[in-house]
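Engineer: What follows is a single structure, and I will ask about it in a moment.
The values are calculated or read from the model by the stated rules, or taken from the named source; none is laboratory data. What you see is a predicted model, and the numbers here were worked out from it, not measured in a lab. Cβ coordinates were reconstructed from backbone atoms using ideal geometry, including for glycine residues, and neighbour counts include every protein chain displayed.
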Amino acid sequence: MTPDSARLWRIPPEADLHHREWEGEHVFFHGAAGDTHRFSDAAALILLRLMTTPSDESSLASLLAEAAEVAQNEANTALTGILDELAKREFAEPVA
């Protein structure tokens, strides 16, 4: 699956996300929902990038490919699942 290079993703403004890493595990607290979730290294990488700046799917997929040292098409597929999961939990959203 090819990422949409024009589709931007961001952290929802009301989310008030906080991140902690303990012994290689990434935990994010969603202040608005009061939810805490542990995410994979790949999902944490995406969330940490989005916490600094909204990013398009293409650049997020490239970030994943480089960090995981995988082929671009494998990163594209992984990114789709990660973004779906983050959106479902309201930790990330596409910019309208």
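Engineer: Exactly one of (1) closer than 16 Å to Ala92 by Cα; (2) surrounded by fewer than 16 Cβ atoms within 10 Å (Cβ to Cβ) is unmet by Ala43. Its number?
Structural biologist: (2)
Engineer: What tally of residues in region 62-82 results from selecting those that are buried (at least 18 other Cβ atoms within 10 Å of the Cβ) and either closer than 17 Å to Ala44 by Cβ or at pLDDT 95 or above (or both)?
Structural biologist: Adding up the residues that qualify gives 7.
Engineer: List pairs: first in region 42-57 and hydroxyl-bearing (Ser, Thr, Tyr), second assigned to a helix (DSSP H, G or I) and modelled with pLDDT of 95 or more, Cβ under 6 Å, 6+ apart or cross-chain?
Structural biologist: Close Cβ pairs satisfying both conditions: Ser55/Arg49.
Engineer: Hey, another quick one. With respect to Glu23, determine if the residue is on the phi > 0 side of the Ramachandran plot and surrounded by fewer than 19 Cβ atoms within 10 Å (Cβ to Cβ).
Structural biologist: Details: on the phi > 0 side of the Ramachandran plot: yes; surrounded by fewer than 19 Cβ atoms within 10 Å (Cβ to Cβ): yes.
Spelling it out, Glu23 is indeed on the phi > 0 side of the Ramachandran plot and surrounded by fewer than 19 Cβ atoms within 10 Å (Cβ to Cβ).
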